[in-house]
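The values are calculated or read from the model by the stated rules, or taken from the named source; none is laboratory data. The shown structure was predicted, so the numbers you read here are calculated from the model rather than taken from an experiment. For neighbour counting, all protein chains shown are included, and Cβ atoms are generated from backbone atoms with ideal geometry for every residue, glycine included.
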């Protein structure tokens, strides 16, 4: 039995996928999640075989979910099913560990076959996506291009020596969300810690030098 988790912020999409997959022999819908943070919690708790993952979700986007899964070594195969047609999203998702990438316009048979293929550890890409991937791989990579806009904001906060609490306050999000973004930034950029992230941001001139490291990266006890 292939156990599937559906992660999408649109309820009608989740309901449609649940109906579609539940009618297929050998496939069971283990659960649903309406945002990235909930998706991570469900992956940890339910241990699905396959995750149907949307990229554009609140609290934590699909790329952040993929980065956290890699960091925590969560074993589920990820099939990205998204409305995003952006080349960069495709490349970032595959680099972050997605096994397959399909648009939400894909046919029913394509989605079902992609789920079964993912459970076998096989990738499925539409021909247009394959062409986009090959085109991108021929171009020089920019590490910053891997980050979402919100992750870039968090990286700037690290360069300014801000704590998770301060970054959360400035972005009007929770500390837990900032913590997830920090983990995602470190994973995507291949950095070991907050200090390396701050140095990277300064080298890339993401913040003016007079704003950089206005306080130590860890005021008092090192934040978690």
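Okay, here's what the table says:
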| read-out | value |
| --- | --- |
| Residues that are more than 14 Å from the chain's Cα centre (by Cα) and either in a helix (DSSP H, G or I) or within 16 Å of residue 8 (Cβ to Cβ) (or both), drawn from segment 42-53 | 42, 44, 45, 46, 48, 50 |
| Test for residue 4: is it assigned to a helix (DSSP H, G or I) and modelled with pLDDT of 95 or more | no |
| Residue check, residue 189 at pLDDT below 90, surrounded by 16 or more Cβ atoms within 10 Å (Cβ to Cβ) and not assigned by TED's automatic domain parsing to the domain that holds residue 63 | yes |
| Candidates 157, 161 - the one that is modelled with pLDDT under 95, assigned to a loop (DSSP other than H, G, I, E, B), surrounded by 19 or more Cβ atoms within 10 Å (Cβ to Cβ) and not assigned by TED's automatic domain parsing to the domain that holds residue 48 | 161 |
| Condition met for residue 52 (surrounded by fewer than 20 Cβ atoms within 10 Å (Cβ to Cβ), closer than 29 Å to residue 154 by Cβ, touching a strand residue (DSSP E or B) at 6+ places or on another chain (Cβ under 7 Å) and in contact (Cβ under 8 Å) with a residue 12 or more places away in the chain) | no |
| Residue in segment 81-88 that is at pLDDT 90 or above, within 27 Å of residue 40 (Cβ to Cβ) and under 15 Å from the mean Cα position of the chain (by Cα) present | yes |
| Out of 213, 202, 125, 133, sole residue that is surrounded by 12 or more Cβ atoms within 10 Å (Cβ to Cβ) and modelled with pLDDT of 80 or more | 202 |
| Within segment 30-47, tally of residues that are surrounded by fewer than 24 Cβ atoms within 10 Å (Cβ to Cβ) and touching a strand residue (DSSP E or B) at 6+ places or on another chain (Cβ under 9 Å) | 12 |
| In segment 75-96, residue surrounded by the fewest Cβ atoms within 10 Å (Cβ to Cβ) [restricted to those that are closer than 17 Å to residue 181 by Cα and in contact with a strand residue (DSSP E or B) (Cβ under 9 Å, 6 or more places away or on another chain)] | 89 |
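Per-residue answers, yes or no, for (1) out of contact with any helix residue (DSSP H, G or I) (no Cβ under 9 Å at 6 or more places or on another chain); (2) part of a helix (DSSP H, G or I); (3) in contact (Cβ under 8 Å) with a residue 40 or more places away in the chain:
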position	(1), (2), (3)
40	no, yes, yes
56	no, no, yes
67	no, yes, yes
79	no, no, yes
84	no, no, no
92	no, yes, yes
98	no, no, yes
101	no, no, no
